There are 2 protein chains.
Amino acid sequence: MAVERGSSVAESLSTELIAVVVAVTAGEPRVLTIRNGAALPSGSFESGHRSLQAGLRSWVERQTHQPLGYVEQLYTFADSDRADSGRRVISVSYLGLAREGPVAGADAGWHGWYRYFPWEDHRGGAPDMIGREIAPALARWAGHDPARRSRAAITFGLQDQGWNEEWVLQRYELLYEAGLVPERARRDPVQGAVMLAGEAMALDHRRILATGIARLRAKIKYRPVFFELMPEVFTLGQLQQTVEALAGRGLHTQNFRRLIEAQRLVEDTGQMQTTGGRPARLVRYRGEIQSERAIVGTKLPLARS
Amino acid sequence: MAVERGSSVAESLSTELIAVVVAVTAGEPRVLTIRNGAALPSGSFESGHRSLQAGLRSWVERQTHQPLGYVEQLYTFADSDRADSGRRVISVSYLGLAREGPVAGADAGWHGWYRYFPWEDHRGGAPDMIGREIAPALARWAGHDPARRSRAAITFGLQDQGWNEEWVLQRYELLYEAGLVPERARRDPVQGAVMLAGEAMALDHRRILATGIARLRAKIKYRPVFFELMPEVFTLGQLQQTVEALAGRGLHTQNFRRLIEAQRLVEDTGQMQTTGGRPARLVRYRGEIQSERAIVGTKLPLARS
DNA sequence: CCACTAATGCTCTGAGTGAGCATATTGGAG
DNA sequence: CTCCAATATGCTCACTCAGAGCATTAGTGG
């Protein structure tokens with residue numbers, strides 16, 4: 001229903017829905033997959049679907065039997081790389097959060113996301129593979145080009161700017177450009193490039209996963225969505241572990257609790273849970289705050305009106 | 001190219017591209033329109049387009065002759081409300097920033113965005129119309145329902161939580177639900193509802209505009225995109241006026257300059273410009289910082305690794 | 001010279017964040 | 001039973017930054 005129509009005949013386009021569904025189990029971030037980990041749940045948008053999101057939920061449940069909780073749109077693209085068949089595909093990707101349940105369906109399953117992005121796990125400091133595989137490979141790719149060297153250094157925090165955990169997509173794209181991932185090698189190999197550790201996925205699914213991880217890492221900083229991943233009751237230690245799993249970084253325990261308590265995000269249940277050390281209080285998320293706090297979130301120097 | 005195909009025959013879908021193009025001229029935020037302000041530039045995605053974004057740029061230039069600078073994707077939806085014709089349409093919307101130039105093309109033009117959302121302009125305090133038209137109309141709609149009353153109060157800052165300028169879409173949707181805008185009345189009038197001031201647009205274009213404004217208001221808080229709207233050289237006063245136009249709120253002048261200077265976002269040109277009062281330094285945006293600052297932006301209590 | 005209008009310079013204060021020190025509880029190893 | 005390892009919790013101190021407001025400067029138009 002374009003307001004003004006193009007001259008050409010309306011063309012045959014299909015629309016695909018793709019899901020990045022995340023859970024954190026036993027302190028590991030996991031993603032829901034099909035085809036034994038080689039692809040994300042996906043399917044085409046059909047007229048029977050009431051909305052894009054409804055269509056997505058239906059595909060995920062059909063393919064994996066995993067119910068979805070929170071869902072938000074990620075990005076839409078029309079990758080011409082995919083135009084093998086001449087038929088154009090529009091892909092609408094979504095990020096979903098869930099609690100890991102028993103999956104069913106052909107080759108559906110959950111896989112740790114660091115399996116696809118081993119360089120993204122900095123919970124125990126920068127992973128060895130960055131210095132051992134990535135840095136040298138990028139150095140070969142950059143050669144004497146200062147722009148490339150600088151980009152590699154900044155993106156992977158190779159010098160002293162530090163690691164920015166949100167640049168998941170930029171890092172993947174850099175590795176793609178440098179020819180260090182199989183997805184690139186499949187269609188256009190870069191000579192001399194050695195594939196990195198880190199499992200590939202079909203088509204551009206790994207790129208979409210990177211987009212989802214990046215979005216989630218950014219989002220947890222201004223919105224406590226991680227409660228969607230927690231069970232009904234939990235300890236602050238488990239909560240911290242979940243956030244660390246997503247962020248791929250270790251957090252300062254005392255300050256983390258201060259943050260959670262200052263915002264009154266949780267309430268006590270009165271119960272305790274044994275841990276490896278001192279027993280921990282079991283708490284529960286206070287969903288009410290959503291409406292309570294008129295989250296104003298300023299960063300502009302507003303006048304007092 | 002879904003990994004697993006649905007059972008039904010691939011259906012006929014068309015994809016539409018819609019642009020919210022914003023400029024700020026003489027301290028007023030403006031949006032690029034066609035059809036004499038009744039619609040946003042839009043057209044269908046065609047095989048000749050290299051990418052969605054390329055298609056969008058092409059449509060905007062064809063319809064308005066306005067060149068685009070910064071562009072980012074907003075949202076994608078498949079509104080079943082639009083399925084009048086039985087043919088489903090996927091709409092991909094974009095936000096673009098530009099410097100207002102001479103437009104050409106049928107009924108293309110720039111219009112102040114507060115013409116469509118008069119309740120969003122709080123630069124001189126809350127507009128009268130909120131107390132005079134909106135609050136009473138919402139009160140009638142809410143009746144004795146506490147959930148509705150609370151929602152209205154929070155969304156429009158009717159009590160003391162204050163105004164949150166980012167909730168542009170929520171406010172529009174509330175007015176839509178309450179039957180106070182013509183777009184709703186067109187397809188499903190709410191009896192007894194009196195239309196509010198604020199011009200309507202075709203289809204759901206006003207909703208898309210609201211989405212764009214909301215995105216922009218949120219974005220300027222963590223990324224200085226407003227420089228895209230400024231001329232080559234400008235004064236800090238003009239910059240502030242531009243940001244105020246977007247945010248719809250007045251800013252504390254001294255603190256605003258402190259913010260800009262602390263981040264070293266601008267550099268001096270050595271020139272001055274006369275104003276109504278003391279002459280102002282003319283400055284220029286330091287585009288370099290983009291790469292300089294490894295914008296880390298933490299809000300999580302990271303451990304020192 | 002005076003009134004008016006912006007642009008600039010600075011100061012004070014309180015809230016919030018980064019880092020650590022110290023203590024409390026359990027379970028398990030000598 | 002005592003000591004130690006592993007967590008959970010309490011609190012403090014230093015520093016940065018954002019919110020507010022006071023004061024001054026440099027043009028323009030009577």
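Applying the selection to the stretch A:113-165, what residues are of a type in the set (V, I, T) and farther than 28 Å from A:L203 by Cβ?
Going through the stretch A:113-165, the residues of a type in the set (V, I, T) turn out to be A:130, A:134, A:154-155.
Listed by number, the list holds a single entry, A:I154.
Reported count of residues in the stretch A:230-257, each being open to solvent by less than 10 Å² (accessible area, probe 1.4 Å) and away from DNA strand D (no atom under 16 Å from the Cβ), is 3. Candidates are the residues of the stretch B:23-44 that are facing another protein chain (nearest Cβ under 7 Å) and not hydroxyl-bearing (S, T, Y); the one that is nearest to B:A200 (Cα to Cα) is B:A39. What are the residues in the stretch B:31-64 that are of a type in the set (K, R) and not in a loop (DSSP other than H, G, I, E, B), if any? Residues satisfying the conditions are B:R35, B:R57, B:R62. Just one residue in the set A:Y114, A:Y176 is at pLDDT 95 or above and under 26 Å from A:Q63 (Cα atoms); that residue is A:Y114.
Residue by residue, here is whether (1) open to solvent by 20 Å² or more (accessible area, probe 1.4 Å); (2) within 27 Å of A:V89 (Cβ to Cβ); (3) free of Cβ contacts under 8 Å to residues at least 24 places away in the same chain holds:
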site: B:G37; (1), (2), (3): no, no, no
site: B:E46; (1), (2), (3): yes, yes, yes
site: B:Q53; (1), (2), (3): yes, yes, no
site: B:R62; (1), (2), (3): yes, yes, no
site: B:P67; (1), (2), (3): yes, no, no
site: B:T76; (1), (2), (3): no, yes, yes
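Quick check: is even one residue across the stretch A:177-194 within 30 Å of A:T274 (Cβ to Cβ) and out of contact with any helix residue (DSSP H, G or I) (no Cβ under 7 Å at 6 or more places or on another chain)? No; the residues of the stretch A:177-194 include none that is within 30 Å of A:T274 (Cβ to Cβ) and out of contact with any helix residue (DSSP H, G or I) (no Cβ under 7 Å at 6 or more places or on another chain). With respect to (1) in contact with a Phe, Trp or Tyr (Cβ under 7 Å, 6 or more places away or on another chain); (2) at pLDDT 95 or above; (3) among the polar types (S, T, N, Q), the lone exception for A:T15 is condition (2). Residues that are over 27 Å from B:E120 (Cβ atoms) and of a type in the set (G, A, S) within the stretch B:230-282 comprise B:A262, B:G270, B:G277, B:A280, listed in sequence order. Taking the stated definitions as given, is A:R206 out of contact with any strand residue (DSSP E or B) (no Cβ under 9 Å at 6 or more places or on another chain), touching a residue at least 60 places away in the same chain (Cβ under 8 Å), among the basic types (K, R) and not assigned by TED's automatic domain parsing to the domain that holds A:T76? When the stated conditions are applied, A:R206 passes them. For the stretch A:276-305, the tally of residues that are modelled with pLDDT of 90 or more and within 15 Å of DNA strand C (Cβ to nearest atom) stands at 5.
Considering the stretch A:196-229, and only residues there that are in contact with a helix residue (DSSP H, G or I) (Cβ under 8 Å, 6 or more places away or on another chain) and open to solvent by 50 Å² or more (accessible area, probe 1.4 Å), the residue that is nearest to A:A39 (Cα to Cα) turns out to be A:L203.
Looking at the structure I just gave you, is A:E72 at pLDDT 95 or above, open to solvent by 60 Å² or more (accessible area, probe 1.4 Å) and within 15 Å of the chain's Cα centre (by Cα)? Lay out the reasoning, then the answer.
On the way: at pLDDT 95 or above: yes; open to solvent by 60 Å² or more (accessible area, probe 1.4 Å): no; within 15 Å of the chain's Cα centre (by Cα): yes.
So A:E72 fails the test.
Are there helices (runs of 4 or more DSSP H) fully within the stretch A:190-273 with at least 3 residues that are more than 13 Å from the chain's Cα centre (by Cα) and more than 16 Å from DNA strand C (Cβ to nearest atom)? List them. Even if it seems obvious, please write down each step before you answer.
Working: elements: A:205-219, A:236-247, A:253-262.
The helices (runs of 4 or more DSSP H) meeting that bar are A:236-247.
The values are calculated or read from the model by the stated rules, or taken from the named source; none is laboratory data. Being a predicted model, the structure only gives us computed values, none of them experimental. Cβ atoms come from the backbone with ideal geometry, glycine included; neighbour counts cover every protein chain shown. Only protein heavy atoms, including side chains, enter the accessible area calculation; ligands, DNA and RNA are left aside. Shrake-Rupley method; radii C 1.70, N 1.55, O 1.52, S 1.80 Å.
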